[in-house]
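Notes follow once the structure below has been shown.
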Amino acid sequence: QVQLVESGGGLVRAGGSLSVSCAASGFIFRLNTMGWYRQASGKQRELVAQITPGGTTNYADSVKGRFTISRDNAKNTVSLQMNSLKPEDTAVYYCNLLISPRDYWGQGTQVTVSS
């Protein structure tokens with residue numbers, strides 16, 4: 001079965017950097033678009049970044065130029081490098097796989113940015 005396991009995250013001061021990673025299993029990783037979403041307290045889950053099998057990336061306007069999504073098809077991992085972090089980036093970050101019509105999610109990892 002599909003498994004997505006996030007790691008990384010933590011607490012950082014504004015302006016700092018963090019990286020989160022997702023280890024995937026149970027499906028053909030190299031053939032699927034992977035994404036990172038986040039959900040701040042009291043808010044809806046939102047798309048942060050996506051990467052296609054070919055490496056094409058898509059970012060939310062709020063993170064463009066600061067976050068970088070990447071994938072390693074040999075290791076079945078997708079990562080999100082987050083630089084110049086802001087307090088408004090504080091959220092639980094989730095790894096996502098869409099195999100239509102079903103979304104798969106990891107358990108999430110907390111990222112907290114202090115001002």
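The values are calculated or read from the model by the stated rules, or taken from the named source; none is laboratory data. Please read these numbers as outputs of a predicted model, since none were measured by experiment. A quick note on method: Cβ atoms are made from the backbone with ideal geometry, for glycine too, and the neighbour counts reach across all protein chains shown. Each accessible area value is taken on the protein alone, full model and side chains, heavy atoms only, with ligands, DNA and RNA left out. Shrake-Rupley method; radii C 1.70, N 1.55, O 1.52, S 1.80 Å.
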Of all residues in segment 24-59, count the ones that are under 16 Å from the mean Cα position of the chain (by Cα), small (Gly, Ala, Ser) and in a loop (DSSP other than H, G, I, E, B).
2
What are the residues in segment 21-51 that are open to solvent by less than 20 Å² (accessible area, probe 1.4 Å) and closer than 21 Å to Phe67 by Cα, if any?
Cys22, Ala24, Met34, Gly35, Trp36, Arg38, Val48, Ala49, Ile51
So which residues in segment 60-72 are assigned to a strand (DSSP E or B), of a type in the set (A, V, I, L, M, F, W, C) and more than 15 Å from Asn32 (Cβ to Cβ)?
Phe67
Out of curiosity, is Ser62 among the polar types (S, T, N, Q) and at pLDDT below 95?
no
Select from segment 73-85 the residues that are outside any strand (DSSP E or B) and not aliphatic (A, V, I, L, M) and write down the one among them that is most open to solvent (accessible area, probe 1.4 Å).
Lys75
Considering segment 1-13, residues that are open to solvent by less than 50 Å² (accessible area, probe 1.4 Å) and farther than 14 Å from Val78 by Cβ, and then whichever is modelled with the lowest pLDDT, we arrive at Gly9
On the given criteria, is Asp61 within 19 Å of Ser115 (Cα to Cα) and of a type in the set (Asp, Glu)?
no
Within segment 90-115, restricting to residues that are at pLDDT below 95 and not aliphatic (A, V, I, L, M), the one that is least open to solvent (accessible area, probe 1.4 Å) is Asp103
